[in-house]
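Have a look at the structure below before the remarks.
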Amino acid sequence: QLQACGGGLVQAGDSLRLSCAATGRTFSRDTMTWFRQGPGKEREFVAAIFRSSGNKYYADSVKGRFTISRDNAEKRIYLLMNNLTPEDTAVYYCAASSRVILSAITSRNAYDYWGQGTLVTVSS
C-alpha cells in the first residue's frame, strides 16, 4: 500500500513537501513516481526516481522547482515543491512499480500500485 500526505492550501511562490509511505513492499526494488491530476485534466507525470540507478526524472513543467527523493530505510518518497503556481493545483498521487522500464516511466499505465492522492491547492 501507498499512503500520500502533505497536501494543503498555499499561496503562489510558497513551498510544500509531499510524502508517500510504502508498506508491504520491497521498497528498494520499486521505481517510485509522482503523478498529478488537475481540475478537468488528465493525470500527468510529475517526477520519478528509478529503482536501480536512483536517477531522477522530471516533467518539463516542474523541472528546476520540484525535487523527488527517497529514503529506502523509511520506505518513503518525498516531493519538495518550490515556487508553486496556481497551475500546480492538483491531486498528487504516488505510484510504484518494480517492473517499469525507463522508456515507460512517464506512463501511468506502467504502474501497479497507487496511493490515494493528496490535494495541493495554490492560490494566486
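Probing with 1.4 Å while keeping every protein chain in the model, the per residue accessible area of region 44-116 equals 50 Å². Its Cα centre serving as origin, the chain has a Cβ charge dipole (Lys and Arg +1, Asp and Glu -1) of approximately 360 debye.
Taking label positions 7 Å along the Cα-Cβ direction at both residue 37 and residue 25, the computed distance is 1.7 nm, reported to one decimal. Its Cα gyration tensor gives the chain an equivalent ellipsoid. The semi-axes, each the square root of 5 times an eigenvalue, are 23, 14, 13 Å from largest down.
When the Cα positions of 23, 57, 77 are compared along the charge dipole of region 2-83, 23 comes out farthest toward the positive end, with charges on each C-beta of Lys, Arg, Asp and Glu. Spatially, region 63-77 and region 8-51 are offset by 9 Å when compared through their Cα centroids. Per-residue SASA remark: residue 60, around 130 Å² accessible (1.4 Å probe; ligands, DNA and RNA not included).
Model label sites at residue 121 and residue 69, defined 7 Å from Cα along the beta-carbon direction, differ in position by 2.9 nm.
How about region 22-124: which trypsin sites (Lys or Arg not before Pro) there lie in a loop by DSSP and see at most 11 other Cβ atoms within 10 Å? Taking region 22-124 and a limit of 11 other Cβ atoms within 10 Å, the loop trypsin sites (Lys or Arg not before Pro) found are 41, 63.
The portion of the accessible surface of region 62-112 made up by carbon and sulfur, rounded to a whole percent, is 46 (1.4 Å probe; DNA, RNA and ligands excluded).
Magnitude of the charge dipole for region 56-101, about its Cα centre and with charges confined to Cβ atoms of Lys, Arg (+1) and Asp, Glu (-1), is about 240 debye.
So how much slack lies between residue 104 and residue 3, counting 0.36 nm per residue of separation and subtracting their Cα-Cα distance, in nm? It would help to have the intermediate numbers written out before the result.
Values: separation 101, 0.36 × 101 = 36.36 nm, distance 2.30 nm.
The residue 104-residue 3 span can extend by a further 34.1 nm.
Modelled label positions at residue 11 and residue 85, each set 7 Å beyond Cα in the direction of Cβ, lie 1.9 nm from each other. Among the cysteines of the chain, those whose beta-carbon sits 4.7 Å or more from every other cysteine beta-carbon are 5.
Our summary gives the chain a relative contact order of 37 percent, counting only alpha carbon pairs under 8 angstrom and 6 or more residues apart.
The values are calculated or read from the model by the stated rules, or taken from the named source; none is laboratory data. Given the structure is predicted, the values throughout are model-derived calculations rather than measurements. So basically every Cβ, Gly included, is an ideal-geometry build from the backbone, and we count neighbours across all protein chains shown. Each accessible area value is taken on the protein alone, full model and side chains, heavy atoms only, with ligands, DNA and RNA left out. Shrake-Rupley method; radii C 1.70, N 1.55, O 1.52, S 1.80 Å.
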